[in-house]
Amino acid sequence: MTKTIIFRADGNATTGLGHLYRLFSLVEIVKDTYKFVFITQESSTIDVIPEDYTKIVIPKSIKTEDEIDWLVLNFSAEDYIIIADGYQFTSAYQKQLKTKGFKLIYIDDLANEHMYADVVINHSPYLEEQSYKKEAYTKLALGTKYALLRPLFLQEAKQNRTIITIDTAFVCFGGADPYNLSFKAVKALLQIPKFKNIHVILGGAYQHLDIFNLENRCSSKIITYKNLSEKELIKVMRKCNFAIAPASTILFEICCVKMAILSGFYVDNQALIYKGFLDNKVIYNGGNMKTYEEYDFISKIEAILNTQNFNYQIEEQKKLFDDKIALRQLNLISELC
């Protein structure tokens with residue numbers, strides 16, 4: 001009997017929305033083949049979960065240490081497999097889940113836990129198998145050939161693109177943007193006359209007001225967006241030829257559309273992805289952006305504009321993603337269902 005898939009992740013203004021969005025990409029790949037349910041904590045920003053997903057909310061009274069007992073009470077290991085994305089799913093959590101008989105796929109960033117999951121996916125181009133401590137049965141699915149990308153971005157990755165000039169910017173710092181880097185980056189771009197338009201993508205957990213005040217003052221240049229669909233996001237990206245974004249899922253998506261990119265990191269889970277993309281020469285070096293101010297962005301952007309070597313990066317971006325990514329993801333899941 002084919003099993004139903006439990007997708008398990010949380011996300012809100014404090015933790016960001018990346019874990020949720022990465023699982024959305026897998027849902028889109030499997031939803032026409034398998035039944036599924038999306039499970040999240042009550043503290044999550046639930047309204048970003050697509051309306052057509054079957055959702056179950058874990059009550060606040062159920063703590064992480066009690067969660068597996070709750071899962072066993074509500075779902076049979078004979079009928080369900082679990083795909084989990086989040087730092088709370090530690091070695092101890094994975095091991096306990098396995099003792100209950102569940103098959104588990106774990107989405108990882110850090111490679112700092114002993115892995116008990118049946119499959120571990122880490123799409124950073126930086127890590128290798130020797131980076132992991134794991135059980136003998138654990139299968140590793142590493143690198144951009146397992147990139148967690150939604151189907152339309154996988155299609156976009158196949159397209160060619162050439163950048164002749166840079167004059168339109170794309171800015172996105174994730175679901176929450178805790179350091180308000182979107183605002184600082186946009187202020188910097190406004191100081192550089194070359195940029196005619198600045199498109200700013202704000203996440204579902206974004207809570208700052210500065211960017212909207214700035215948009216009201218400079219409405220001819222700045223356009224903000226929130227909660228865009230996959231199709232709408234690609235449409236905006238196509239208008240742009242320069243991007244500023246962290247080394248998270250959004251960086252993978254920008255590389256699919258292809259443009260000159262200033263990228264860096266501001267939380268630990270982005271650092272390995274950043275190193276991998278930098279080693280592959282597909283981004284400009286932004287380093288640790290956690291303490292960036294407007295002048296830091298100005299300095300980096302002006303240096304990039306002076307290089308005039310944009311299309312080399314774009315050719316390297318195209319090499320990251322092939323046309324078999326969705327099939328590989330589906331095969332990983334099918335082996336456990």
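Values quoted throughout were computed directly from the atomic coordinates according to the rules given, and no laboratory measurement underlies them. The model shown is predicted, which means the values in this text are computed figures rather than measured ones. With ideal geometry, Cβ positions are generated from the backbone for all residues, glycine too; neighbour counts draw on all protein chains shown.
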Task: Total charge dipole magnitude, segment 216-337, about the Cα centre, Cβ charges on Lys, Arg, Asp, Glu only, Debye to nearest 20 - done: 400 debye
TODO: About the Cα centre of the chain, how large is the charge dipole given +1 on each Lys and Arg Cβ and -1 on each Asp and Glu Cβ? Please answer in debye to the nearest 20.
DONE: 800 debye
Task: Exposure proxy ranking, count of Cβ atoms within 10 Å, fewest first, for Ser219, Ser263 - done: Ser219, Ser263
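Subtracting the Cα-Cα distance from 0.36 nm times the residue separation, let me have the gained length for Glu65 to Asp322 in nm, one decimal.
Gain on extension, Glu65 to Asp322, equals 88.6 nm.
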Open item on the list: Please compute the Kirkwood hydrodynamic radius over segment 234-315, one decimal place, Å, based on all pairs of different Cα atoms.
Closed with: 12.8 Å
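For the chain, report the % of Cα-Cα distances exceeding 39 Å.
Values: 7822 of 56616 pairs.
So the portion of pairs separated by more than 39 Å is 14 percent.
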Open item on the list: Can you tell me, using C-alpha contacts under 8 Å and at least 6 residues apart, the relative contact order of the chain as a whole percent?
Closed with: 18 percent
Task: Cα-based Kirkwood hydrodynamic radius, segment 88-201, one decimal, Å - done: 17.7 Å
Task: Members of Lys95/Lys324; Lys226/Lys258; Lys31/Lys318; Lys103/Lys275; Lys63/Lys95 lying beyond 25 Å, as alpha-carbon distances in this model show - done: Lys95/Lys324; Lys31/Lys318; Lys103/Lys275
Open item on the list: Within 13 Å, Cβ to Cβ, of Gly101, how many net charges do the neighbouring residues add up to if Lys/Arg are +1 and Asp/Glu are -1?
Closed with: +2
TODO: Work from the charge dipole of segment 153-319 (Cβ charges, +1 for Lys and Arg, -1 for Asp and Glu, about the Cα centre) and give the residue of Tyr274, Pro246, Thr168 farthest towards its positive end.
DONE: Thr168
Task: Label-point gap, in nm, between Glu232 and Leu152 - each point 7 angstrom along Cα→Cβ - done: 1.0 nm
- [ ] Report, in debye and to the nearest 20, how large the dipole of segment 86-140 comes out about its Cα centre when Lys and Arg carry +1 and Asp and Glu carry -1 on their Cβ.
- [x] 320 debye
Task: Highest-MSF residue in the chain out of Glu253, Glu215, Glu135 [GNM, Cα springs under 10 Å] - done: Glu135
TODO: Pull up all non-local amide H partners of Met115: gap of 5 or more, or a different chain, and H-to-H distance under 5 Å with H placed in the peptide plane.
DONE: Lys133, Lys134, Glu135
Task: Ranked Ser124, Ser91, criterion: other C-beta atoms within 10 Å, fewest first - done: Ser91, Ser124
Open item on the list: Once you keep just the Cα pairs under 8 angstrom separated by 6 or more residues, what percentage relative contact order results for segment 1-110?
Closed with: 31 percent
Task: Cα convex hull volume per residue for segment 153-319 (Å³) - done: 103 Å³
Open item on the list: Please report the antiparallel percentage of DSSP beta bridges with both residues in segment 153-319, rounded to the nearest 5.
Closed with: 0 percent
